[in-house]
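Below: the structure, in structure tokens.
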Amino acid sequence: QVPLKPGRSLMDWIRLTKSGKDLTGLKGRLIEVTEDELAKHDKKEDCWICIRGFVYNVTPYMEYHPGGEDELMKAAGTDGTDLFNQVHRWVNYESMLKECLVGRMAVKPVAAPKEFILISVLYHRIVELSRYCAVTSYCHARFFLMLVEISSTLSEEKKQLNGKYSSGASYDWFQTDSSITIVIYTKQKEVNAELVIVDCQDKRLRGEIIVGDHSYLVDLGLDNAVQEDTAVNITEKVGKVEIILKKKDNVHWEKLGQPLESHNTFIKRTDRGLFYRKCKLVSKTEVTHDTKLFCLTLPKSTHLRVPAGQHVYLKQIIAGTEVVKPYTPVLPFLPLDFKEPSRHDGAHLYLMVKIYSHGLFTQALDHLQIGDCISVSNPEGNFKKSRVQSLEDLFLLAAGTGFTPMVKLLNLALAEVSCLRTVKLLFFNKTEDDILWRDQLEQLALKDERFEVQFVLSQPTKDWVGKEGKISSSLLSEFVKRSRKDSKVLVCICGPTPFTEQGVQYLKDLGYSQEEIHAFTA
């Protein structure tokens, strides 16, 4: 993010969009935009961008964009969908930019791939011929069987070209007098609770199985009502997932329900829209003078676990505009005993949030009352647990609430990585009063000899005896040292964008490879 000029906050932008001012320059008309027309609007004073088939005049938004004008200009006069998906997939641009809508992109006819056309034609011709052979004595039986085999093969080729069925996953269902059980056969080994997301709300069942960067989805409008309680059983070694629903009325179901648009598909996770469920606020406790720990409870019909290093998005309607922000769930506290992996009930999410005095979103969040609800997305993020499991040294560099992804990483590393030698946290803050969970971190350092924490303050009092300053090459060269010459190491960093960018560059200058560095960004 970049500093914005006074009067250019999110709330200021919302006010501008509701002022009635013509932000498109088209006096309310919507037009069809060709590629040539779009390309003409590629300057800061005249900037159009296409996102997912819709064109927006973002010129008036330039000074309000938290990422700065240069980021928007990367997509000026072009289709910025891919760039948007990489950086801001979670942002509800339709709501934020609705008053900037110019119109829809003109659709160019796209020819189907030649191999797809060829296979489709062959498939339909052979199906026709095999049907003819089946009802006449014209064809030899062996030739008929050969036609059936070829048509079957071509059918599979068509599915592969469609790109939606390559996982091999499938599902089935059965019922008793009181329950419905949906069984998903993932054809994957080592499926665990973090890879399964299930929601059942308003007679809609949604079960998503994460497979690397892809996911398999069962998405149905149920034929009959079910109770709120939903049970999920996972047989990890064979990749079988059972979703058990309790019938509201003990009647026989003729069918499970109606397939929804993305039902029975296997696609990239980034190609799926974010899915939200309403979570209830059950507690709110102070961590520091400006930071609170929010505890949200998931619906009884939801099964969701947020893996270490991943985040969720919270969504609120503020002044009639949908606003979304990312937050990384933490644990309710730092465990001090790592003889066994920490197991939490899975029914709650804990979010450590800094409340900004002029922050539109965090102020709205802080004003939520116990029992109020807020929308929470599925987990997102590219951090892989496998990056930690064979480590000898783990270094964590955090600034302010950039500490939040480090909480679960600490727990994961100390509890589950048997070859671990050292975990070091270098924690940057302005003052002593800003340090999150200081007592718990110091207790953990005393309890576990593998863990070390150092606090660095940029605005210390004269009584401070610890480290002072900001992130620097000299500070990192002193702190980030391998326990032995060739030890397997990972350095994780999270904080404000300048902190993270500087830190990554310093680490590279010190000889750490890209594979040994992970920067948390959202």
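The values are calculated or read from the model by the stated rules, or taken from the named source; none is laboratory data. These figures come from a predicted structure and were not determined experimentally. Don't worry about glycine lacking a Cβ; one is built from the backbone with ideal geometry, like all the others, and counts go over all protein chains shown. Heads up: the accessible areas ignore ligands, DNA and RNA and are worked out on the full protein's heavy atoms, side chains in. Shrake-Rupley method; radii C 1.70, N 1.55, O 1.52, S 1.80 Å.
Assuming R0 = 51 Å, can you tell me the calculated FRET efficiency for the pair residue 415 and residue 255, based on Cβ-Cβ distance, to the nearest 0.05?
Efficiency, from the Cβ-Cβ distance: 0.70.
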Express the C-alpha Rg of the stretch 10-105 as a ratio against the empirical globular expectation 2.2 N^0.38 Å, rounded to two decimals.
-> 0.98
Can you check what the Kirkwood hydrodynamic radius comes to for the stretch 385-519, Cα pairs only, in Å to one decimal?
-> 15.1
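Which order do peptides 249-260, 218-229 fall in by mean Cβ count within 10 Å, highest first?
On the way: 249-260: 12.1, 218-229: 16.3.
Packing proxy ranking, top to bottom: 218-229, 249-260.
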Once residue 316 and residue 269 are pulled to full extension, the length gained, defined as 0.36 nm per residue separation minus their Cα-Cα distance, is 14.6 nm
Gap separating the Cα centres of the stretch 240-292 and the stretch 371-386, nearest whole Å | 12
The size of the Cβ-based charge dipole (Lys, Arg +1; Asp, Glu -1) of the chain about the Cα centre, to the nearest 20 debye, is 500
State the percentage of accessible surface on the chain attributable to carbon and sulfur atoms; use a 1.4 Å probe and exclude ligands, DNA and RNA.
-> 50
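Quick one: which of 383-390, 290-297 comes out on top by average Cβ neighbours within 10 Å, and what's the full order, highest first? Could the numbers behind the result be given before it?
Numbers: 383-390: 14.5, 290-297: 18.2.
Packing order, densest peptide first, comes out as 290-297, 383-390.
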Quick one: which of 19-25, 207-213 comes out on top by average Cβ neighbours within 10 Å, and what's the full order, highest first?
-> 207-213, 19-25
One point scatterer per Cα, no solvent, Debye formula: log10 I(q)/I(0) for the stretch 170-271 at q = 0.12, 0.17 Å⁻¹ comes out as -0.37, -0.74
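Counting only other residues whose beta carbon sits under 15 Å from that of residue 172, what net charge do I get with K and R as +1, D and E as -1? Write out the running numbers ahead of the final one.
On the way: positive: 187, 240, 255; negative: 242.
Every neighbour counted, the sum reads +2.
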Ratio of the Cα radius of gyration of the stretch 482-522 to 2.2 N^0.38 Å, where N counts its residues = 1.19
What helices in the chain pass both tests, a Cα length along the helix axis of 15 Å or more and a mean Kyte hydropathy of 0.5 or higher, using whole DSSP H runs?
-> 114-135, 404-416
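Leaving out ligands and nucleic acids, and using a 1.4 Å probe, what accessible area per residue does the chain come to in Å²? Intermediate values should be presented prior to the final figure.
Working: 27590 Å² over 522 residues.
Accessible area per residue: 53 Å².
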So what is the relative contact order of the chain, in percent, for Cα pairs below 8 Å that sit 6 or more residues apart?
-> 10
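Translational diffusion coefficient, Stokes-Einstein: compute it for the chain using the Kirkwood radius over C-alpha pairs as Rh, at 20 °C and 1.002 mPa s, and state it as an integer in µm² s⁻¹.
Details: Rh = 26.7 Å.
Stokes-Einstein gives a translational diffusion coefficient of 80 µm²/s.
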Rounded Å value of the spacing that divides the Cα centres of the stretch 16-47 and the stretch 346-363 | 35
